[in-house]
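See structure below.
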Amino acid sequence: MTVDAEVRAELAARTSYGRLLALLAARSHDLAAAEDALADAFERALTRWPVDGVPDDPDAWLLTVARNRQRDRWRSAAERRSVPFDEAAHDAAAEGELPDRRLELLLVCAHPDLAGASVPLMLNTVLGFTAARIGAAFLIPTATMAARLTRAKKRIAREKIPFALPGAGDLAARLAPVLEAVYGSYSIEWPTPPRERHALLLGLAGTVAEAAPAVAEAHGLAALMYLSSARLPARVDEDGRYIPLPQQDPRRWDGNFIAAGHRHLRAAHALGTVGRFQLEAAIGAVHCARRPGAAPDWAHLRSLYDALVALAPTRGAAVARAAVVAETDGARAGLEALEAVHGVERLQSAWALRASLLERLRDPAAAAAYAKAISLTTDPAEREHLQRRARGTGR
């Protein structure tokens, strides 16, 4: 019984932490106090469940105990002088009636006043990761990360940032900062993210899609991240040498991640709206559909990039489209498409593509383009690859 009780408590902590914390903090805006109450409830579970048995509804049991802890605190002399206790507002929900307010909590974490702390705060409050684990993932000392999280939580309490959902028509727009925060953190050190951060952010993307199942771009982001991550094992060979995506061996890609990406992409497609993340995920799906020894479906990729650049005209997307144009229409057409993209003087991908296209055209300017691309490259494997290509132009 003791082992089973511990396993059930651990399962509840892993799967229900964010849902329970959101319910506890929604009315008080005090995330720190809600965390204390929830920690007390889990501690009580480890003590009582081995003796009394695991309750039929562990989440409702934990919520009741945590709310009793909140009630005791609010009834204390110190709290009575400052915060009136609303008995009805804090009654525990009946079994089977626990609402899911994680989405409101995510929106609170992405509030503009909390810029810079949004993703760590989501990981801490929605997924229950400690400051030590988040700090390790973001390469930040534990004490620094803990202080950052504490300041953010105090600001939520002080300014009473509301736990509220917008109307259905405004939800996608309000969720956009959440998606951008998650994607921005994921792409900061792409394509070599620290393993711990990578796992945490993939889990967070899935949680956002689960909490907002009617928002197509939430599924689009999850699909994009899973499909991109699926290709990481094949990005370098056994000797650590960089392998460009079209030359990668599909047999080395992660099939489970590809399957997860396709599930989210189908969910996004079923909702009938198209967004940037969905289109980028669709591009990833086309790449992941390639068979060993075959070329990518360049025509399909061209149509998807045309749609992406029309919908979300970023410089990165335009450069990637130029690379595809070079495959469908030739290197000179690709170079012309690249020349039409403005503001790429410091964009590594643009210089790497320029160098490759000039090399294909046997233009001596390829050497200088390679030198510029190498100077902007931070990934050691890709830098070594470009250096080898540059030496080839010298010969």
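Ignoring ligands, DNA and RNA, what percent of the 1.4 Å accessible area of the chain is carbon and sulfur? Of all accessible area on the chain, carbon and sulfur atoms account for 53 percent. Ranking 378, 126, 281 by how far each Cα lies toward the positive end of the dipole of the chain (charges on Cβ) leaves 378 at the top. Set the Förster distance to 22 Å, then compute FRET efficiency between residue 36 and residue 75 from the Cβ-Cβ distance, nearest 0.05. Plugging the Cβ-Cβ distance into 1/(1 + (r/R0)^6) gives 0.90. Amide hydrogen proximity for residue 236: with H placed 1.01 Å from N in the peptide plane, the residues at 5 or more positions away or on another chain lying under 5 Å are 243. Of the residues 359, 238, 382, 327, the one with the largest accessible area comes first in the ranking 238, 327, 359, 382, computed with a 1.4 Å probe on protein heavy atoms. Proximity of backbone amide H atoms, modeled 1.01 Å from N, is registered between residue 140 and no other residue at under 5 Å, excluding neighbours fewer than 5 places apart on the same chain. In a reduced charge model with +1 at each Lys and Arg Cβ and -1 at each Asp and Glu Cβ, region 96-179 shows a dipole moment near 400 debye about its Cα centre.
Compute the length gained on full extension between residue 168 and residue 378: take 0.36 nm times their separation in residues and subtract their Cα-Cα distance, giving the result in nm to one decimal.
Working: separation 210, 0.36 × 210 = 75.60 nm, distance 4.21 nm.
Between residue 168 and residue 378, full extension yields an extra 71.4 nm.
For region 288-351, the spread of Cα coordinates along the three principal axes comes to 36, 25, 19 Å, biggest extent given first. Count Lys and Arg as plus one, Asp and Glu as minus one, and take only other residues whose Cβ is under 13 Å from that of residue 217; the net charge is then 0. Computed 3J(HN,Hα) for region 152-166, one whole-Hz value per residue from the Karplus formula 6.51 cos²θ - 1.76 cosθ + 1.60 where θ = phi - 60°, is 5, 5, 5, 5, 4, 5, 5, 9, 6, 4, x, 8, 9, 9, x, glycine and proline marked x. Taking label points 7 Å from Cα along the Cα-to-Cβ direction, residue 192 and residue 306 give a separation of 3.8 nm. With the alpha-carbon atoms of the chain aligned to their principal axes, the span from lowest to highest coordinate is 81, 44, 43 Å, starting with the largest.
Taking 0.36 nm per intervening residue step and subtracting the Cα-Cα distance, what contour gain separates residue 241 from residue 214 on full extension?
Values: separation 27, 0.36 × 27 = 9.72 nm, distance 4.17 nm.
Extending this stretch completely gives an extra 5.6 nm.
Extension gain for residue 199-residue 140 works out to 19.6 nm (0.36 nm per residue, less the C-alpha to C-alpha distance).
Tell me the per residue accessible area of the chain using a 1.4 Å probe; a whole number in Å² is fine. Write down the numbers at each step before the final one.
Working: 19090 Å² over 395 residues.
The answer is 48 Å² per residue.
Normalised by the number of residues in region 336-395, the mean separation of alpha-carbon contacts (under 8 Å, six or more apart) gives a relative contact order of 29 percent.
Derived scalar couplings between HN and Hα for region 195-210 equal 3, 5, 5, 4, 5, 4, 6, 4, x, 5, 4, x, 5, 4, 5, 5 Hz in order, rounded to whole Hz, by the Karplus curve 6.51 cos²θ - 1.76 cosθ + 1.60 (θ = phi - 60°), x for Gly and Pro.
3J(HN,Hα) along region 250-265: x, 5, 8, 6, 7, x, 5, 5, 4, 5, 5, x, 5, 4, 5, 5 Hz, from the Karplus curve 6.51 cos²θ - 1.76 cosθ + 1.60 with θ = phi - 60°, whole Hz, x for Gly and Pro.
Against the criterion of solvent-accessible heavy-atom surface with a 1.4 angstrom probe, 391, 67, 158 sort, most first, into 158, 391, 67.
Given the DSSP H assignment, sum -39500 (n - 2.57) over each helix run of at least 4 residues in the chain and divide by its residue total; what's the result at 222 nm in deg cm²/dmol, nearest 500? Calculated mean residue ellipticity at 222 nm is -21500 deg cm²/dmol. About the centre of its Cα atoms, the chain shows a dipole size close to 1180 debye [charges on the beta carbon of Lys, Arg (+1) and Asp, Glu (-1) only; nearest 20 debye]. For region 6-83, the percent of C-alpha pairs falling in each 10 Å distance bin, counted from 0 to the bin holding the largest distance, reads 19, 51, 23, 7, 0.
Hey, what did region 246-354 get for relative contact order, percent, Cα under 8 Å, at least 6 apart?
Details: 91 pairs, mean separation 21.4, N = 109.
Here the relative contact order equals 20 percent.
Ordering 204, 63, 162 by Cα displacement along the dipole of the chain toward the positive end leaves 204 in first place; charges were set at the Cβ atoms of Lys, Arg (+1) and Asp, Glu (-1). Relative to the Cα centre, the charge distribution of region 303-395, modelled as +1 at Lys and Arg Cβ and -1 at Asp and Glu Cβ, gives a dipole magnitude of about 360 debye. Across region 185-279, the fraction of Cα-Cα pairs farther apart than 24 Å, rounded to a whole number, is 23%. With N the number of residues in region 236-341, Rg(Cα) / (2.2 N^0.38 Å) evaluates to 1.15. Placing a label point 7 Å from the Cα of residue 328 along the Cα-to-Cβ direction, the residues of region 289-311 whose backbone N falls under 16 Å from that point are 296-311.
Once the Cα atoms are used to define both axes, helix 380-394 deviates from the longest principal axis of the chain by about 10 degrees.
Please give me, ordered by residue number, the trypsin sites (Lys or Arg not before Pro) of region 225-270 that lie in loop per DSSP and have at most 16 other Cβ atoms within 10 Å. The qualifying sites are 241.
The values are calculated or read from the model by the stated rules, or taken from the named source; none is laboratory data. Keep in mind it's a predicted model, so treat the numbers as computed, not measured. Quick reminder, even Gly has a Cβ in these numbers, built from the backbone with ideal geometry, and neighbours come from all protein chains shown. Note: areas computed on protein heavy atoms with side chains; ligands, DNA, RNA excluded. Shrake-Rupley method; radii C 1.70, N 1.55, O 1.52, S 1.80 Å.
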